[in-house]
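Peer 1: One structure follows; several queries about it will come next.
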Amino acid sequence: MTADALRRAGLTALYLGIFATIWFSVPKNEPPLGIVLVVGSVAALLAAGTGGALVFRSRAGGSFQRDVQGDRKYLVIFAGELAAAGFGAVLLAVSGHSEYIAVFVGAVVGAHFWPLAPVLRDPALRVLAVLVCLAALAGLITGLVSSSVLPGTVTGAGIAVLLLGYAMGALIRAGLALRSPAS
């Protein structure tokens, strides 16, 4: 695994670990789910910290050439995600359907992984995109059919677990690459 690939794996774990922590905070922190959410948040923060350390370590492996065009595409996708999520959240809040904000934001987050896959040179992000959108759909369905389970609980916990799993996968692949004699 090259220094650039290690850096990308570290950044993946760093960013997705942080966002997993945020998604773990969406569901209400009540027993028995509360303990699981706290453990998940701690695990996500540890993944983020490990990812940050991997980025720091990869800097010693050589200099990196910035992909200015890729950075621009990333920023456009990210800005579009923020605008869509913010606009949708405001519309849901104003229309009295704030319980579905997490569902909508989750769907937008899932959708944004699809165009990011080629920009970040990570085709597996398309799988994550589909899974995150399915977690949002599960939250929507739950909200429509159940009055006892909030849609944000299903969406938040589901997306948090998916992001944490993806971050951990990036760290495992990087760790295996660092241990292999070819690296």
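Peer 1: Hey, how many Å between the Cα centroid of the range 74-132 and the Cα centroid of the range 145-166?
Peer 2: If you average the Cα positions of each part, the centres end up 15 Å apart.
Peer 1: Contact order normalised by length for the range 51-183, with contacts defined as Cα pairs under 8 Å and 6 or more residues apart; what percent is it?
Peer 2: Details: 119 pairs, mean separation 26.2, N = 133.
About 20 percent, as a whole number.
Peer 1: Next question, about the same structure. Per residue, how many Å² of accessible area does the range 60-183 show with a 1.4 Å probe?
Peer 2: That works out to 57 Å² for each residue.
Peer 1: A further question on this structure: If I compute solvent accessible area with a 1.4 Å probe over the protein chains, what percent of it on the chain is carbon and sulfur?
Peer 2: Numbers: 7290 of 10260 Å².
Answer for the chain is 71 percent, counting heavy atoms of protein chains only.
Peer 1: Starting from the Cα gyration tensor of the range 1-150, take the square roots of the eigenvalues, sort them a ≥ b ≥ c, and report rounded, prolate or oblate (rounded when a/c is under 1.5, otherwise prolate if a/b is larger than b/c, else oblate). All intermediate terms of the calculation are to be shown ahead of the outcome.
Peer 2: On the way: a/c = 2.60, a/b = 1.55, b/c = 1.67.
It is oblate, given that a/c is not under 1.5 and a/b is not larger than b/c.
Peer 1: Continuing with the same structure: Show me the ranking of peptides 94-107, 30-43 by mean Cβ neighbours inside 10 Å, starting with the highest.
Peer 2: Values: 94-107: 18.7, 30-43: 13.6.
Final packing ranking: 94-107, 30-43.
Peer 1: Another one. Using only helices, what value at 222 nm comes out for the chain when you add -39,500 (n - 2.57) per DSSP H run of length 4 or more and divide by the total residues, to the nearest 500 deg cm²/dmol?
Peer 2: The helix contribution divided over the chain gives -28000 deg cm²/dmol.
Peer 1: Heavy-atom accessible area of residue 173 with all protein chains present, probe 1.4 Å, nearest 10 Å²?
Peer 2: 120 Å²
Peer 1: Also, I was wondering about something else. Simple spin-label model, 7 Å along Cα-to-Cβ: residue 35 to residue 134 in nm?
Peer 2: Placing both labels 7 Å beyond Cα along the Cβ direction yields 2.9 nm.
Peer 1: Quickly work out the residue 68-to-residue 87 label distance, labels modelled 7 Å from Cα along the C-beta direction, and quote it in nm with one decimal.
Peer 2: In this crude spin-label approximation the distance works out to 3.0 nm.
Peer 1: Arrange the residues 71, 122 by how much accessible surface each exposes, largest first, with a 1.4 angstrom probe.
Peer 2: Final ranking, largest accessible area leading: 71, 122.
The values are calculated or read from the model by the stated rules, or taken from the named source; none is laboratory data. This structure is a prediction, so every number in the text was calculated from the model and none was measured. Here Cβ is always computed from backbone atoms with ideal geometry, including for glycine, and neighbour counts include all displayed protein chains. Please note that ligands, DNA and RNA were not included when accessible areas were found on the heavy atoms of the full protein model with its side chains. Shrake-Rupley method; radii C 1.70, N 1.55, O 1.52, S 1.80 Å.
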